[in-house]
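Enquirer: If you scroll down you'll find the structure; I have some questions about it.
The values are calculated or read from the model by the stated rules, or taken from the named source; none is laboratory data. The model shown is predicted, which means the values in this text are computed figures rather than measured ones. Neighbour counts run over all protein chains shown; Cβ positions are idealised from the backbone, glycine included. Note: areas computed on protein heavy atoms with side chains; ligands, DNA, RNA excluded. Shrake-Rupley method; radii C 1.70, N 1.55, O 1.52, S 1.80 Å.
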Amino acid sequence: MSVNLDDLVLGRDEDRETAMRVGQIVCACPASLPRADITDHRLTLAIGFGLAVLAQALVLTVLPEQSRLIAPSAERVGWPFALLLIGAAAASFPAAMLVDSFGRRAAFGLGASLGAAGGALCAFAIAKGNFFGLCLGAFWLGLAQGFALFYRHIAAQGAPRDGLIVLAGGGGAALLAPLFVSLAESPGAVLLIAAGLHIAALALSVRMPHARVGKPGAVEGRLSRGFVIATVAGALAWFVMSAGMLHGPLTLAVCSAAPAFIGGAMGWHLFSMYGPAALAARWPALFPPLPIVGIGLAAMLAGAAAVLSAASVTRVTVGLLAIGMGWGAVNVAALRLLHEGARPSRLALALHDVCLLGAAAAGALVF
């Protein structure tokens, strides 16, 4: 069997992003295989991302209310949600390094393992009324989410449309959240289901290639105008989104909404977050990046005002949907701005995600 190293992830010496490094695991695929046969893993990436989004939807359905019930003081109610986002931000740089250095299987498998442990710990903490255990479990769940967010960057290395397809996978998964919430007998059971979904993602990760195969494109060595716009707009969107996702379920609970309704509202909220990606993948001309950024941010601000007003269950629910659609539009534009043209370096992608998730954590703590 002959192997052409130029066709493997090792690449050539001038490409610093794919140079051989200690500990890297590569798959020696025959050079005669068509490139599409060994690099088109969009379905696997989309399913893995969908499992992570569904687990996130289940966690967000119960985490704010359970935090309110067992928090030792009102000032600490937002801690678990903020730690979930801080964990996601903290995972950004390790995820970027591990995906390239040790392969996708190791990186995404590690993230899924942390999610399974975090979900189980949160369930135990709720059963025992242990607030600090809930905080630690939420942090582990956030680490898992930080790794899962790299699914979209991995797919977009081939083409921005591939990244949008992976994002769209989250929309379909979110619609299943109300079903799982209705099947669970308690908030702890919901979190155990979320842990099980991460175990399923762990099993799926072994079906991925160790690393990206094929000749990589040019790597952008500096921060471009598109990167700056995508990062600033994305940070604003994540800031508003996290504030809405923290207050939305709490406000619905105060308004005497049933747990099944809250789960359905959060499921539709998450569907609205990832739905625009499906439309953009099918009709990209309808989503010019710069105008969509403005439209998306305006929709989010209007939705946040509706959620914070707490006027009625209907108004809060509509506000959550507006926040979700605006967030989805901004992230569609950001993904295109990041990946159209020269490919960003892995450090730039990690910096982008840190800024987004750091802004999300700030939104949870400020509001």
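Enquirer: Between F124 and R282, what length in nm is gained on full extension when 0.36 nm per residue of separation is reduced by their alpha carbon distance? Each step should come with its number before you reach the end.
Expert: Numbers: separation 158, 0.36 × 158 = 56.88 nm, distance 4.28 nm.
Extending this stretch completely gives an extra 52.6 nm.
Enquirer: Same structure again: Cβ under 15 Å from G188's Cβ, G188 left aside: what net charge do those residues give with Lys, Arg +1 and Asp, Glu -1?
Expert: Summing Lys and Arg as +1 and Asp and Glu as -1 gives -1.
Enquirer: Right, another one. How do M300, M97 rank by accessible surface area computed with a 1.4 Å probe, from largest to smallest?
Expert: M97, M300
Enquirer: Using 0.36 nm times the number of residues separating A305 and A258, minus their current alpha carbon distance, what extension gain do you get?
Expert: Contour length minus Cα-Cα distance gives 14.6 nm.
Enquirer: I'd like to compare 78-90, 272-284: which one has the highest average count of other Cβ atoms within 10 Å, and what's the full order after that?
Expert: 78-90, 272-284
Enquirer: Give me the extension gain from T314 to F132: residue separation times 0.36 nm, minus the current Cα-Cα distance, reported in nm with one decimal.
Expert: That pair, T314 and F132, stretches by 62.2 nm at full extension.
Enquirer: Would you mind checking segment 124-165 for residues with the amide N under 16 Å from a putative spin-label position 7 Å along Cα→C-beta of S186?
Expert: Flagged as within label range: 124-131, 134.
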